[in-house]
Amino acid sequence: MSIRATTRQTAAFVIAIPLALATTAATAPSLDVSTQFAITRLLGEQTIPYGTKLEDTDVGSLSGLDFDPATGTWYFLADDHWSKQAPRFYTGSLTIDPQAEAFTGVKLTKHTWLKQHDGSDYPKYGEKESPDPESIRYDPATKRLLWASEAHQPSAHNPNALSQPAVHWMTPDGKEDLNGKPVIPGNLLLGTGNTKGTPSNGGFEALTLTPTGIAAMIEHPAYQDGVINEKQGGPLRLTIWKRDGTAKAQYAYPAEKQPTDKPGDGDSGVSEILAIDDTRFLALERSYTKSTKNFRNRLYEFDITGADDILKRDGLSTGGAYKPVTKRLVHVFDVNENLEALAFGPKLNSGECTLIVGADNNFREEQRSLFLAYAATGCAS
């Protein structure tokens, strides 16, 4: 999702602070403190300069990344639906010294176009089912890649631009693989009149692979579920699929309200998730305030254990209480950037894991293609 800002801000470092759940939902149990994820320290930061080009492509708007530990390859997804070029991902490296515990470099080496299963290009921006790439994951089990696309409603300028939220498998050469393609639940599909389904530009911003399945979260509440504004947070649907693409369950994640008192002045949602195991995840909540041009980026840990399965529930605004996932605040990032990417990196010699956080610069010079590396405990095994 494209959000803009121009200045830096300072935010406090916070860890393991319990939060109240949405008042519209039933109370869920607290997280097990014995296995909690924790960031221990910053290892460094690196930036890809604005205007960088690679193989005649404009490098920027990198909204997703993931790591293949077997080869050391990093994958970077460009959130570019023909703003500059066709949808694509890059391969490259992040240099993290496990002994010195230092993050010293980022390098992209190759680009790959995203293609449909027959090898053809995806529809262009403004055309039906034109993709909006947001998140990418590498699957060591099948050596394939998985990527998520947001949703878009038709507009006066683009009357044929209906694009449903989607999750696609692809081979390393960028070609879609239909084997095990996740089936999108009907409660997320866009309808007419903005009454049901995923809001435009509020679809699958967040995607992860669990040990046994696939999980994706929409960025904004479905029309029939509520809203996030300056007065209240709202529920975001997390969908879990089996590896064969069958939807298994769906849970409500209670996102925070916008950090502003002015109506229409903010935008809030989840820009990425990352699985720790089959029930525990990290969520990157990102908010933007238009009047101050400030971002608020917070990392939460959440657990679906004990939450109600809402897969067969059409709407959450009516129909009685439900039990959402349990969440807790882990970290507040002290950069005023558009943070959109999360991935686990290589292990350190200390035994700690690494967490990489990336910023999408929206192809704007005043924003940065920034990567932050952290040492952490309680990561995926």
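Looking only at segment 166-223, which residues are polar (S, T, N, Q) and either crowded, with 24+ Cβ neighbours inside 10 Å or without any contact (Cβ under 8 Å) to a residue 60 or more places away in the chain (or both)?
Of everything in segment 166-223, those that are polar (S, T, N, Q) and either crowded, with 24+ Cβ neighbours inside 10 Å or without any contact (Cβ under 8 Å) to a residue 60 or more places away in the chain (or both) turn out to be T171, N179, T192, N194, T195, T198, S200, T208.
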#### Entry: Evaluation of N187 against (1) farther than 18 Å from L77 by Cα; (2) assigned to a loop (DSSP other than H, G, I, E, B) (one fails), failing number
(2)
### Criterion violated by A11 - all others in (1) on the phi < 0 side of the Ramachandran plot; (2) modelled with pLDDT of 55 or more; (3) part of a loop (DSSP other than H, G, I, E, B) satisfied
(2)
### Task
Considering only residues that are among the polar types (S, T, N, Q) and under 25 Å from R243 (Cβ atoms), look in segment 111-148 and name the one that is surrounded by the fewest Cβ atoms within 10 Å (Cβ to Cβ).
T142
### Message
Can you tell me how many residues within segment 335-352 are in a strand (DSSP E or B) and either buried (at least 21 other Cβ atoms within 10 Å of the Cβ) or hydroxyl-bearing (S, T, Y) (or both)?
### Response
5
#### Entry: Subset of segment 129-141 [in contact with a strand residue (DSSP E or B) (Cβ under 8 Å, 6 or more places away or on another chain) and free of Cβ contacts under 8 Å to residues at least 60 places away in the same chain]
E129, S130, P131
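For (1) aromatic (F, W, Y); (2) at pLDDT below 95, each residue gets a yes or a no:
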position: V33; (1), (2): no, yes
position: T40; (1), (2): no, no
position: L43; (1), (2): no, no
position: L54; (1), (2): no, no
position: L65; (1), (2): no, no
position: T73; (1), (2): no, no
position: L77; (1), (2): no, no
position: F89; (1), (2): yes, no
### Query
When the residues of segment 223-234 are filtered to those that are assigned to a loop (DSSP other than H, G, I, E, B) and under 19 Å from I304 (Cα atoms), which remaining residue is farthest from the chain's Cα centre (by Cα)?
D225
### Query
Quick one: in segment 309-347, which of the residues that are β-branched (V, I, T) and at pLDDT 95 or above is farthest from the chain's Cα centre (by Cα)?
I310
### Task
Assess whether G233 counts as being touching a strand residue (DSSP E or B) at 6+ places or on another chain (Cβ under 9 Å), modelled with pLDDT under 95 and within 23 Å of L339 (Cβ to Cβ).
no
### Message
Against the condition part of a loop (DSSP other than H, G, I, E, B), modelled with pLDDT of 95 or more and out of contact with any helix residue (DSSP H, G or I) (no Cβ under 7 Å at 6 or more places or on another chain), how does P211 come out, does it pass?
### Response
yes
### Query
So which residues in segment 116-153 are assigned to a strand (DSSP E or B), farther than 30 Å from T354 by Cβ and touching a Phe, Trp or Tyr at 6+ places or on another chain (Cβ under 8 Å), if there are any at all?
D121
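The values are calculated or read from the model by the stated rules, or taken from the named source; none is laboratory data. Everything quoted here is computed from the prediction, not taken from an experiment. Note that each Cβ is placed from the backbone with ideal geometry, even for glycine, and that neighbours are counted across all protein chains shown.
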